[in-house]
Amino acid sequence: MIHFQNVTKRYGEKIVLKNLNLEIRKGEFVVLIGPSGCGKTTTLKMINRLIEPDSGRIFINGEDASKQNAVELRRKIGYVIQQIGLFPNMTVEQNIAIVPKLLKYPKEEWQSIVRSLLKLVDMPYEDYAHKYPSELSGGQQQRIGVLRALAVSPPIVLMDEPFGALDPITRDSLQEEVRRIQKKLKKTIVFVTHDMGEALRMADTIVFMNEGRIVQKAAPEEMLRNPADSIISTFMGRHITSGRQSVPLYAEDFMRTKVLKVPKTSKTLECIELMSRRDVNSLIVIEDDETYFGTVTIEEIKQHGKAGRNISELVSNETITIGRKEDARTALDRLLESAANYLIVLNDDLTVAGIVTRTSTAKALGEALWGEMPA
Amino acid sequence: MTIMDYLNNNMATFLQSLMRHIEIVAISVLIGAFVSIPLGIYLTRHKRLALFVLAFAGTVQTIPGLVMLGFALILFGIGLMPALIVLSIYSILPILRNTYIGISQVDSSYVEAGRGIGMTDFQVLFKVELPLAASSIMSGIRISTVYTVSWATLAGMIGAGGLGDLIWTGLSTYNKTYILAGALPSAILAFVFSGLLGLLQRVLTPKGIRGESA
């Protein structure tokens with residue numbers, strides 16, 4: 001699908017890419033990773049000709065990219081950059097519809113594209129289409145950035161550190177979403193990041209670059225097991241596992257950070273509504289200063305709750321809590337002993353960091369052993 | 001004789017001067033904008049030339065208006081034309097500088113995003129750069145207009161007409177009423193133009209970024 005042949009790029013004296021050869025297959029999710037200045041972004045931008053090589057050739061679908069009109073080529077390749085890429089002077093709908101409009105799609109067609117794409121990420125058209133980027137959260141903006149790249153269903157999508165500026169929780173869910181969309185729409189994705197965790201989670205193939213060369217190209221599991229160079233091992237840090245040395249694991253490594261928290265002043269009905277909407281049977285209740293207060297279960301509310309009352313009177317504090325830096329082994333033991341099926345992990349300031357469940361533990365163990373795990 | 005008396009007796013002449021004044025300002029600023037917006041855009045593509053041109057325009061701006069009018073008088077004679085030439089030149093700099101700065105300050109990520117998704121250079125300019133710089137450009141036009149309203153009073157000296165006529169007549173005959181009848185309306189005119197253009201600036205600023213630039 002994409003083929004780099006002896007590509008070299010210099011900026012003045014500095015050689016950014018040295019005789020690069022790379023083959024990316026159709027439908028493959030390729031992550032380019034490496035220290036800053038390694039040439040990963042340059043490589044990415046050569047695919048849509050934002051940067052031209054000094055020598056060597058790049059083939060897309062067997063055609064020499066340099067022989068095509070750059071503007072037309074770019075319209076056929078999706079492009080997602082960091083958060084700031086959405087145009088602030090255009091609404092969500094206008095942003096998504098840019099490329100279809102550039103390609104002169106009729107109005108009904110691009111409108112239906114916008115609708116169906118927004119549906120893909122659970123952002124209802126009525127609520128979001130006419131908002132401006134400044135009215136959205138960072139995560140929502142970047143979802144729109146991804147949708148914009150998909151608007152004319154290009155077979156190839158380029159992503160340049162798209163989630164770098166997002167908080168970890170939002171990043172997690174966007175990674176899952178992009179992975180899901182990629183599986184569903186069968187896109188070829190080239191993704192640049194400097195976050196090894198992200199690379200391990202997302203990639204079919206990781207291409208590790210350093211000083212303008214490819215150091216290793218391998219599947220995530222293979223790279224974890226047999227890093228080709230010490231710089232890769234350093235980069236993988238805590239993700240790496242070898243038979244001899246075991247990395248200490250903490251409760252925080254086992255936890256799930258996406259948890260539902262409600263203030264203790266919440267009313268019973270809104271809690272029930274929230275639980276049924278998110279399909280959970282208990283909620284974490286927090287104080288006004290966000291410190292942990294207790295938990296409440298749906299049975300408790302159904303048996304004793306009265307409509308319109310605060311949930312604070314129904315809260316139980318029997319759920320076991322544990323500090324995020326406590327040994328993972330202790331966390332696991334207490335989880336197995338306890339009747340509840342989760343533990344609450346607290347930060348040093350007693351706010352809620354996440355929960356450890358049997359599933360999150362199994363997932364963390366799996367990742368420690370084999371790298372990426374399906375979400 | 002108070003101003004009101006003067007206005008009552010000379011309404012027709014006064015209105016004629018006022019209209020001429022507005023006309024001089026409008027034509028000068030329009031010419032200035034037509035020259036400086038395209039030039040400003042061109043300069044953002046040629047940054048080294050930009051330093052030179054902006055420095056030159058800045059120097060021209062420091063030449064006192066009276067001196068410029070004197071030159072214009074020598075070169076082009078008396079009347080409306082030399083005044084329009086001088087005032088157009090003066091109105092260029094604020095618009096030129098604001099166009100240049102406004103476009104230069106558009107975050108390069110937006111430009112790259114535009115190019116990356118397949119906009120032509122022209123589309124990047126009209127769909128991304130100009131809308132995002134609109135507020136800055138409009139504020140340049142506003143500054144130019146306010147300045148030109150006051151400089152245009154000098155144009156009366158070389159026979160271009162306008163409110164300046166009343167002021168110069170007043171000055172040369174020690175007639176306070178004439179001076180005020182020319183000066184007050186031109187001050188009011190400056191306020192009115194500034195307010196109207198401020199409104200237009202707000203309208204032309206794209207909705208999604210109004211909060212930041214207001």
Fill in the blank from the handout: All conditions in (1) surrounded by 17 or more Cβ atoms within 10 Å (Cβ to Cβ); (2) modelled with pLDDT under 90 are true of B:G77 except (1)
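Does B:G161 qualify as being more than 14 Å from chain A (Cβ to nearest Cβ) and in contact (Cβ under 8 Å) with a residue 60 or more places away in the chain? Let's see the steps before the verdict.
Working: more than 14 Å from chain A (Cβ to nearest Cβ): yes; in contact (Cβ under 8 Å) with a residue 60 or more places away in the chain: yes.
For B:G161, the condition - more than 14 Å from chain A (Cβ to nearest Cβ) and in contact (Cβ under 8 Å) with a residue 60 or more places away in the chain - is met.
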Problem - Residue that is farthest from the other protein chains (Cβ to nearest Cβ), among those in the stretch A:34-64 that are among the small types (G, A, S) and open to solvent by 30 Å² or more (accessible area, probe 1.4 Å) - result: A:S55
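Only one residue in A:R238, A:R256 is at pLDDT 80 or above, open to solvent by 50 Å² or more (accessible area, probe 1.4 Å) and either of a type in the set (A, V, I, L, M, F, W, C) or within 26 Å of the chain's Cα centre (by Cα) (or both). Which one? Outline the logic, then answer.
Numbers: A:R238 fails: at pLDDT 80 or above.
Only one candidate passes the filter, namely A:R256.
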Practice task
Say whether the condition of being within 14 Å of another protein chain (Cβ to nearest Cβ) and open to solvent by 40 Å² or more (accessible area, probe 1.4 Å) is met by at least one residue in the stretch A:16-23.
Solution key: no
Problem - Some residue of the stretch B:98-105 being buried (at least 19 other Cβ atoms within 10 Å of the Cβ), of a type outside the set (A, V, I, L, M), more than 20 Å from B:G208 (Cα to Cα) and within 14 Å of chain A (Cβ to nearest Cβ) - result: no
Completion exercise
Among helices (runs of 4 or more DSSP H) entirely inside the stretch A:87-180, those with 2 or more residues being more than 14 Å from chain B (Cβ to nearest Cβ) are A:107-120, A:125-128, A:138-150
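Look at B:Y147 and say whether it is open to solvent by 40 Å² or more (accessible area, probe 1.4 Å), closer than 19 Å to B:H21 by Cα and either without any contact (Cβ under 8 Å) to a residue 12 or more places away in the chain or among the hydroxyl-bearing types (S, T, Y) (or both). Working first, answer last.
Working: open to solvent by 40 Å² or more (accessible area, probe 1.4 Å): yes; closer than 19 Å to B:H21 by Cα: yes; either without any contact (Cβ under 8 Å) to a residue 12 or more places away in the chain or among the hydroxyl-bearing types (S, T, Y) (or both): yes.
When the stated conditions are applied, B:Y147 passes them.
Step by step: first the residues of the stretch B:165-208, then only those that are open to solvent by 90 Å² or more (accessible area, probe 1.4 Å) and of a type outside the set (S, T, Y), then the one that is farthest from B:V146 (Cα to Cα). Which residue is that? Break it down stepwise before answering.
Of the stretch B:165-208, the ones open to solvent by 90 Å² or more (accessible area, probe 1.4 Å) are B:174, B:176, B:188, B:191, B:196, B:199, B:202-203, B:207.
When the remaining residues are screened for being of a type outside the set (S, T, Y), the result is B:176, B:188, B:191, B:196, B:199, B:202-203, B:207.
Numbers: B:K176: 24, B:I188: 10, B:F191: 8, B:L196: 11, B:L199: 14, B:R202: 17, B:V203: 19, B:K207: 26 Å.
Per the criteria, the residue is B:K207.
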Practice task
Can you run down the residue pairs with Cβ atoms below 8 Å, 6 or more apart or on separate chains, where the first is in the stretch A:65-86 and more than 9 Å from chain B (Cβ to nearest Cβ) and within 21 Å of A:M1 (Cβ to Cβ) and the partner is of a type in the set (F, W, Y) and open to solvent by 20 Å² or more (accessible area, probe 1.4 Å)?
Solution key: A:A65/A:F59
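Being over 24 Å from A:E252 (Cα atoms), modelled with pLDDT under 85 and open to solvent by 40 Å² or more (accessible area, probe 1.4 Å) narrows it down to one residue among A:K325, A:K302; which is it?
On the way: A:K325 fails: over 24 Å from A:E252 (Cα atoms).
Going through A:K325, A:K302 in turn, just one is over 24 Å from A:E252 (Cα atoms), modelled with pLDDT under 85 and open to solvent by 40 Å² or more (accessible area, probe 1.4 Å): A:K302.
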Practice task
Hey, could you check the stretch A:206-222 for residues that are under 20 Å from the mean Cα position of the chain (by Cα) and buried (at least 20 other Cβ atoms within 10 Å of the Cβ) and say which is modelled with the lowest pLDDT?
Solution key: A:P220
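Conditions (1) closer than 20 Å to B:L197 by Cβ; (2) at pLDDT below 90; (3) open to solvent by less than 10 Å² (accessible area, probe 1.4 Å); (4) more than 10 Å from every other protein chain (Cβ to nearest Cβ), marked per residue:
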| residue | (1), (2), (3), (4) |
| --- | --- |
| B:G70 | no, yes, no, yes |
| B:L87 | yes, no, yes, yes |
| B:I92 | yes, no, no, yes |
| B:I95 | yes, no, yes, yes |
| B:A113 | no, no, yes, no |
| B:M138 | yes, no, no, yes |
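The values are calculated or read from the model by the stated rules, or taken from the named source; none is laboratory data. It should be emphasised that the depicted structure is a prediction, and the values quoted were computed from it without experimental measurement. So basically every Cβ, Gly included, is an ideal-geometry build from the backbone, and we count neighbours across all protein chains shown. Quick note on the areas: whole protein, heavy atoms, side chains included, nothing else; ligands and nucleic acids left out. Shrake-Rupley method; radii C 1.70, N 1.55, O 1.52, S 1.80 Å.
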